[in-house]
Structures are given as C-alpha cells and as structure tokens.
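Computed from the coordinates by the stated procedures, all read-outs in this text should not be read as laboratory data. Remember, it's a predicted structure, so these values are computed and weren't measured experimentally. Ideal geometry is used to build each Cβ from the backbone, glycine not excepted, and the neighbour counts take in all protein chains shown.
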Amino acid sequence: MTTTEISPLVSLQAPKDVSIDEIEAELREIWKLYGENEEGIAATRAATFSLLIYEPTPTQQMLASLGYYTGPIDGIAGPRTTAAIKSAQKAYGLEATGKSDEIFLKKLQEEYQQAKAEGKLDDATQRMEKQYSPDLEGAGIADAIAASNPCRIITLCPTTEEDKGVTAQVSAYCPIQKRTHNKLICCEYIMLRGTADALERIGGIVSELTINGLPKFLWWKASPELEYGLFKRLSSLCDTIIVDSSTFKEPEANLLRIGELLAKGVPMADLNWGRLAAWQELTAEAFDPPERRQALSEIDRVTIDYEKGNPSQALMFLGWIASRLKWRPVSYRKEGGDYDIRLISLISEDCRSIEAELAGIPLADSGEVPGDLISLRLSSTNLEADCCTVLCSETTGCMRMEAGGGAQACRIQQVTPLSDQKTETLLSRQFQRWGRDMLYEESMSVTTQIINLAN
C-alpha cells in the first residue's frame, strides 16, 4: 500500500482532553452523536483489535500544540508527522530533513516551553477546528492502519515532568473508503500521558480500555526493558509484542533481550525482521534449481554488507542462514575499523568450518531504515562448487561484492526496494496474525548464540 492509495479520514472528534474515568463515556457519546448524521451516513466504532503503543518521545504532541500537526496523537511517526517536522524545521531555521534528532528535539522543547509560558499553545478546541486532511507528504501510518484495520489505538506517552497523575485525550477518525451501506467504520484513539510511575499505576485501567475478546497488540517503540514494570504489565496483557530493532541504540544488547523473551515463550514480532523477507526469498530462490541444491553444502564463506550504524538486520540474516543450514556459531570477533568489521566462525553438522564477515558500510546518503542490508555474498573455498551467489540492493549496488572477484562464476541478483517494507504495511501485515513465528524464533535463537559469543 502506498501513501497515494490511502484515502483521507473523516474527523468525528479531534483530540479532546478528558479525565481518565470519562474515557469510555466520552467515546460512547461520540458514537451516539454520530449514529447517523444529516446525510444519512452512520459512523460505527471498529471491533477488530486493540493496539497499545508505547511512545517514549513527546514529539507529536508538541508539534500539535505548536500548530504544525493536526492529526490524531497516536505516537505513530508516519509521513504526516514527517511533514509536520519539516515544517517546524523550516520555521526554526534548521535543515528540513523530516527526521527528529537531538538538535531538533531540543529546539522543539524550547519553543514548546516558551509558547506554554506565553499562553500561545493550541488547545484542544483550536485543534478541533482545524481540518484533518492529508498533507502534501501523504497520509500517515495510522491512516493506513485505520483504512485496512479499523481498531482502537491506545497510546502511552511517558514524560519526565513532575508526577501529576495521567492526562487523557480521545479522538475518532474514519477512513472514507470503508463506507458500507452508508456506514463509516472508524478508529478510536486514546492518548494517555504521565510519568512512567503514573502510567504503571493505571495499568489496570489500560487493561480495561482494551476491547474484550479481540486480539491485543503492543507496539513497544523503545528498547525492551524486561524488568520495567509497565513493560511487564502490558506485555502480559497482549497477544503479540511488536518492536523495531532498526531503532535500537544498543542493537546487540537489545536483540539478546528479545531472545530472552522468545525463550520464555513470549510472542514477539520485529518489523526489521519483516524487511529481510525479500532477501530471504531471493536467497532461497537462487538454490531452487536441482543442480544447485547440492551446492548448498559447499558454502563456507558468507559476506554481508549493511548500512553502518545498526547491525541488527545483518545479524538476523546470518542467524536465518545458519538456522536453515544447521550451522553452529563457535566464535565472534569484532575488528572495528571504517567498516566496523565483525568476524563470525561457524561449524556445519559435518564439521566443516564456515567464516562469515559482517561489514558496516559508511554511506554519504543513508536510507530511512538504519542498518538496511546493502549486499551479500555466499561462496565456497572449493572452486569447483557452483554455489556463489551475490544479492545486492538496487539502490546501492554490488560494487564491493563484485570487486571481490574470484575464480567462481557468481549468480548476481538485485533486490528491488519494495513498498511492502514500509512500516505501515509491515504493521498491517502483522495485525493479520498473532502468536508465535517459529521461523523467526529459530533464527533469533542462532542470532543470540552469535552475540553471546562476543560476551
């Protein structure tokens, strides 16, 4: 699904401040009010699943209060939020990248505090009067979710301010194309804001706000903290915990935490794992022909290049290959350098040695996802083996892999950028399933074995 295919949303209720004990009553009032309007179009609340989002940064809410963002406060940083960030960056004389970084956040917080002191923040009434429509950058991730899976989205936004309890907002939006017999099927949004302790205190209320009898997903937009009370409470409540390892500031430590959760039988899903699907499919396809299947057992050299900064995809991909070919990791050494080289030794069931190299390539123009795979090479020290396979990203090319040369003829294929690797599509796909993913678990088991060798 591309952003151009997403229809705009009808705003039934822009974000409105309410007390916690009035949330359900306020939502019921919305549906009572919009049971049928003057045009004969009824709006009904969704009943598909509940999505809890742990949003550790207040960027979206500050953008809304400063007048740059008019959508639901859902904690989902999609194209609509990107456009709001660009607008604020231009206004503040910063480079308009659309990405939130420390410099931008500091400036945004300064502007927010100043506007708050001067009484110039947009209040809920002012925001309600603004037209909610897709901006020039396209619709947001929440719009994509709402369009295909209308649901209840509960966003928890922890703050570092003085503990004054939890504030709440409710809103409701409906994707236009979901009209069925003059009915709009709508998404409900609940935003809860307070300190971590305050949010943990109302854990029981959060549980009550989820829709009974329907799947519950937790999108944890931070490092998984196994001993953090709120994480433990919310994860025990939900059918699947969703993370994105591309955002981890300490990738290897956090991948180990995911491994611990998986080992305990906790259903996990990593959006970054979903981005590897095209690479996995082409790798498997390269060895589909009968004459190449035997060559799989000859592979003893693996080289994986990724965008420098986050090795999660590279480590998970190596874990996947090793789990499929039943290789056991035996050593892991970091050499560092410009390419942040990682060397991993593995051993096959028939006691052959396999050497893998993971290299973080510094790029002048990095992509949207930190650590995206650039290319990979599977080969053999047996020059008679027909197993050499090179895959490379269409956007970055295979220059380093092809420069490696060698006597073997390599099968070279390009992995084209896919729209189904976008966050909104990966999320929507995840909502169609819940529970455990055994392929992911088996691959992560080897990945965590590799990382533990470094420790």
- Using amide H atoms built 1.01 Å from N in the peptide plane, name the residues 5+ places from Val330, or on other chains, whose amide H lies under 5 Å from its own. Ser345, Leu346, Ile347
- What residues qualify as long-range amide H neighbours of Tyr69, i.e. H under 5 Å apart, gap of 5 or more or another chain, H built at 1.01 Å from N? Ala64
- Message: Looking at segment 330-394, I'd like the Rg to Rh ratio, where Rg is from alpha-carbon atoms and Rh is Kirkwood's inverse mean 1/r.
- Response: 1.03
- One finds, for Leu282 and Glu260 with R0 = 45 angstrom and r their Cβ-Cβ distance, a FRET efficiency to the nearest 0.05 of 0.90
- Figure the gain on full extension for Thr416 and Asp350 (residue separation times 0.36 nm, minus the Cα-Cα span) and round it to one decimal in nm. 20.2 nm
- Return the distance in nm (one decimal) between the two label points of a simple spin-label model at Ala409 and Lys116, each offset 7 Å from Cα along Cα→Cβ. 6.8 nm
- Message: Through the Karplus equation 6.51 cos²θ - 1.76 cosθ + 1.60, θ set to phi - 60°, convert the phi angles of segment 80-96 into ³J(HN,Hα) values in whole Hz; use x for Gly and Pro.
- Response: 5, 5, 4, 5, 5, 5, 4, 4, 5, 4, 4, 5, 9, x, 9, 5, 7
- Query: Tell me, what HN-Hα J-couplings in whole Hz come from the Karplus equation 6.51 cos²θ - 1.76 cosθ + 1.60 at θ = phi - 60° for each residue of segment 350-363, using x for Gly and Pro?
  - Reply: 9, 6, 7, 8, 10, 10, 10, 10, 10, 10, x, 8, x, 10
- Whole-Hz Karplus couplings 3J(HN,Hα) for segment 326-341, θ = phi - 60° and coefficients 6.51, -1.76, 1.60, Gly and Pro as x, run 6, 8, 10, x, 10, 7, 9, 10, 9, 9, x, x, 4, 9, 6, 5
- Note on the structure: Taking 288-300, 230-242 and ranking on average Cβ neighbours within 10 Å, highest first, one gets 230-242, 288-300
- Message: Once you compute Rg and the Kirkwood Rh from C-alpha atoms, what is the Rg to Rh ratio for segment 161-284?
- Response: 1.04
- Placing +1 at every Lys and Arg Cβ and -1 at every Asp and Glu Cβ, with all other atoms neutral, what dipole size does segment 155-301 have around its Cα centre, in debye to the nearest 20? 640 debye
- Förster radius 45 Å - calculated FRET efficiency between Lys106 and Leu453, Cβ distance, rounded to 0.05: 0.70
- Note on the structure: Protection proxy (average C-beta count within 10 Å per residue), highest first, orders 251-264, 309-322 as 309-322, 251-264
- Message: Quick check for you: which residues of segment 266-282 have the amide N under 15 Å from the point 7 Å beyond the Cα of Thr97 toward its beta carbon?
- Response: none
- At R0 = 41 Å, FRET efficiency that the Cβ-Cβ distance of Arg436 and Glu291 yields, to 0.05: 0.70
